[in-house]
1. Identify, from the list Q75, Q116, the residue that is assigned to a helix (DSSP H, G or I) and among the polar types (S, T, N, Q).
2. What's the number of the only condition in (1) crowded, with 20+ Cβ neighbours inside 10 Å; (2) modelled with pLDDT of 95 or more; (3) touching a Cys at 6+ places or on another chain (Cβ under 9 Å) that T291 fails to meet?
3. I need a count of the residues in segment 349-383 that are farther than 21 Å from Y123 by Cα, assigned to a loop (DSSP other than H, G, I, E, B) and in contact (Cβ under 8 Å) with a residue 60 or more places away in the chain.
4. Going through segment 227-246 one residue at a time, which ones are part of a loop (DSSP other than H, G, I, E, B) and modelled with pLDDT of 70 or more?
5. How many residues are at pLDDT 85 or above, assigned to a helix (DSSP H, G or I), more than 16 Å from the chain's Cα centre (by Cα) and crowded, with 19+ Cβ neighbours inside 10 Å when one looks only at segment 247-277?
6. Please go through segment 145-182 and pick out each residue that is surrounded by fewer than 21 Cβ atoms within 10 Å (Cβ to Cβ), among the hydroxyl-bearing types (S, T, Y) and farther than 15 Å from E294 by Cα.
7. Got a number for residues in segment 85-112 being modelled with pLDDT of 95 or more, part of a loop (DSSP other than H, G, I, E, B) and among the charged types (D, E, K, R)?
Amino acid sequence: MIKHQLNFKILQRIKSSRKFRPECCSPTKRKKSIEVMAPQVRLQGVDDKLQKLLDTNMDEAPARRRAREAFKDIQLNIDHILFKTPTDGLKIKESYEVNSRGLEIFSKSWLPETSQPKAILCYCHGYGDTCTFFFEGIARKLASYGYGVFAMDYPGFGLSEGLHCYIPSFEMLVDDVIEHFSKVKEQPEFNALPSFLFGQSMGGAVALKIHLKQPSGWNGAILVAPMCRIADDISPPWLLAQVLIGVAKFLPKQKLVPQKNLAEAAFKDLKKREMTAYNVVAYKDKPRLQTAVEMLRTTQEIESRLEEVSLPLLILHGEADIVTDPSVSKALYEKASSSDKKLILYEDAYHSLLEGEPDEMIVQVFNDIISWLNEHSSKFTAR
């Protein structure tokens, strides 16, 4: 009886959404409904012309690309510690390439300009995110320490082609990432270098899935607040989750999964939390049904296969994280068959360790990452 009531409520919400309004509605009425639904987020220092770009529907890549291009200089000049690393001595490249599935993928690289990298880091970004905003600062910092950093936006994320934040298959997404990073590693100037995966949040799940598909393909992984299980405070109740899984079979692209404000949950520093609004191509709506189902299935699979993780690991997690569950990072550390593994838990820290904490915590986390990388890249280079 309860299940039927929940199904009825969800179907009522579907019928009332603007995408499901009957085609017989007059153009005027339909236009009004769209205006009511449009997000109105006014950013400081943004004129009306840029604001129009911000309010545009970002479902498809061309709109996201236009918005990012218009906001690029504004983004990189916000007062955040990540953007204070100079670009002098760095070689930075952006590109688009059509992959084997016919999707145009955006990628970016950051390299030391005058020396060979110590190692290469292949970055897997988090849910709804991109490699063109906060990660820009992270990558600059890593490259300034002599590392080659490579990143891509998954299909449907950031500047890559595809419906915004829609994951029809997590396996397919992981295969797309493997395809891209395999091409990077095969380049003559990089193929003899140690290679490390670097995953944040959902990107941690992507990195672990890559490792499980390529057990001997990488020299190590850095996992920051990895999504091995979604925290109970964020995930919907079990019964509602089962209903949503059922509805996803018929309406996979619909934005119906209830969710708390992720910036509020992930960013501890209030000033930095406000800065998330400037990440204009990040996905900020309710999760799409199939995306949520794929993430749930993936975390369940990873949690059941922790013993198969065998590569050198650095796992970093905030103890106060209510987005991904730090207890599963502890379980990963304990159960992984890796002989070389390290877990660092940061007291009172939230989910976004490298973006949303006070400056001193961000510096500490960076130092822990650089220290581990220096130790492990020299170890493999010396062989």
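1. Details: Q116 fails: assigned to a helix (DSSP H, G or I).
On inspection, the qualifying residue turns out to be Q75.
2. (2)
3. The total comes to 2.
4. To start, the set of residues in segment 227-246 that are part of a loop (DSSP other than H, G, I, E, B) comprises 227-229, 231-237.
Answer for segment 227-246, where residues must be part of a loop (DSSP other than H, G, I, E, B) and modelled with pLDDT of 70 or more: M227, C228, R229.
5. Qualifying residue count, segment 247-277: 3.
6. Within segment 145-182, Y145, S182 qualify.
7. Let us first name the residues in segment 85-112 that are modelled with pLDDT of 95 or more, namely 90-112.
Filter once more, so that each one left must be part of a loop (DSSP other than H, G, I, E, B): 99-103.
Narrowing the set further to residues that are among the charged types (D, E, K, R) leaves 101.
Of the residues in that region, 1 qualify.
The values are calculated or read from the model by the stated rules, or taken from the named source; none is laboratory data. Every value quoted in this text rests on a predicted model; they were computed, and no experiment measured them. Counting neighbours? That spans all protein chains shown, and the Cβs are built from the backbone with ideal geometry, glycine included.
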